[in-house]
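A.B. asks: Let me give you the structure first, and then I'll get to my questions.
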């Protein structure tokens with residue numbers, strides 16, 4: 001009986017253990033053959049860690065210090081045979097997982113540059129230069145306008161802006177940036193608003209004067225119906 005061994009390798013900061021599978025005389029071409037390993041028959045019958053039945057097949061797998069039928073060592077999510085899909089498997093929360101499902105459940109793509117929240121692995125994202133965003137977060141960070149296909153956007157000071165807000169910022173950026181210029185803009189704006197209010201008030205007074213001079217509704221009107 002030939003044996004494929006899965007040896008533990010040190011992992012980075014995460015809690016799950018990443019195990020590298022090496023085949024010893026494996027019949028599976030998808031698994032790398034370890035040229036330095038030698039095939040050795042089992043001297044005694046081994047029971048499968050999954051089904052608890054004796055392993056009588058020609059090949060077996062060893063992982064987590066236990067023996068497995070090739071058909072029994074499967075991903076807990078997608079049920080794929082781990083000996084066939086690659087040379088790495090992961091364990092976390094008492095689950096044995098293939099790499100794809102581990103990343104889908106526990107992996108991360110990074111932090112969203114807009115909301116600073118984690119983006120799960122395999123979730124669709126939007127990218128702008130080195131930034132990554134949730135799809136729902138990819139909007140103008142000034143007016144919250146959601147971009148459609150064909151819309152132009154700008155990355156200014158690490159913020160996404162629509163074309164209108166970007167151009168508005170550029171206009172103000174070209175003005176002399178000092179307290180006097182800002183105060184002047186405010187005074188001019190207030191003056192224009194006051195002029196509009198005075199003009200509206202004058203128009204209302206003129207309309208009331210015209211209504212009175214016409215004689216309509218007056219008890220002294222010479223146009224009263226006979």
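The values are calculated or read from the model by the stated rules, or taken from the named source; none is laboratory data. Because the structure is predicted, anything quoted here is derived from the model rather than measured. Because the Cβ atoms are built from the backbone with ideal geometry, glycine has one as well, and the counts that use them run over all protein chains shown.
Rundown of residues vs (1) in contact with a strand residue (DSSP E or B) (Cβ under 7 Å, 6 or more places away or on another chain); (2) modelled with pLDDT under 90, yes/no style:
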position: 93; (1), (2): no, yes
position: 100; (1), (2): no, yes
position: 116; (1), (2): no, no
position: 120; (1), (2): yes, yes
position: 137; (1), (2): no, no
position: 161; (1), (2): yes, no
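A.B. asks: Which residues, counting only those in segment 60-75, are out of contact with any helix residue (DSSP H, G or I) (no Cβ under 8 Å at 6 or more places or on another chain), surrounded by fewer than 21 Cβ atoms within 10 Å (Cβ to Cβ) and part of a loop (DSSP other than H, G, I, E, B)?
C.D. replies: Of everything in segment 60-75, those that are out of contact with any helix residue (DSSP H, G or I) (no Cβ under 8 Å at 6 or more places or on another chain), surrounded by fewer than 21 Cβ atoms within 10 Å (Cβ to Cβ) and part of a loop (DSSP other than H, G, I, E, B) turn out to be 64, 65, 71, 72.
A.B. asks: Counting only residues that are under 18 Å from residue 99 (Cα atoms) and over 8 Å from the mean Cα position of the chain (by Cα), which one in segment 116-134 is surrounded by the fewest Cβ atoms within 10 Å (Cβ to Cβ)?
C.D. replies: If we take residues in segment 116-134 being under 18 Å from residue 99 (Cα atoms) and over 8 Å from the mean Cα position of the chain (by Cα), then 122 is surrounded by the fewest Cβ atoms within 10 Å (Cβ to Cβ).
A.B. asks: Sticking with this structure for a sec: Which of (1) at pLDDT 75 or above; (2) over 30 Å from residue 105 (Cα atoms); (3) in a helix (DSSP H, G or I) is the odd one out, the single condition residue 143 does not satisfy?
C.D. replies: Status for residue 143: all satisfied but (3).
A.B. asks: Being out of contact with any strand residue (DSSP E or B) (no Cβ under 9 Å at 6 or more places or on another chain), farther than 24 Å from residue 135 by Cα and touching a residue at least 12 places away in the same chain (Cβ under 8 Å): is that true of residue 73 here?
C.D. replies: Numbers: out of contact with any strand residue (DSSP E or B) (no Cβ under 9 Å at 6 or more places or on another chain): no; farther than 24 Å from residue 135 by Cα: yes; touching a residue at least 12 places away in the same chain (Cβ under 8 Å): yes.
In short, no.
A.B. asks: Same structure, new question: Quick test for you: out of 190, 205, pick the one residue that is at pLDDT 70 or above and either over 44 Å from the mean Cα position of the chain (by Cα) or assigned to a strand (DSSP E or B) (or both).
C.D. replies: Numbers: 190 fails: either over 44 Å from the mean Cα position of the chain (by Cα) or assigned to a strand (DSSP E or B) (or both).
Result of the check over 190, 205: 205.
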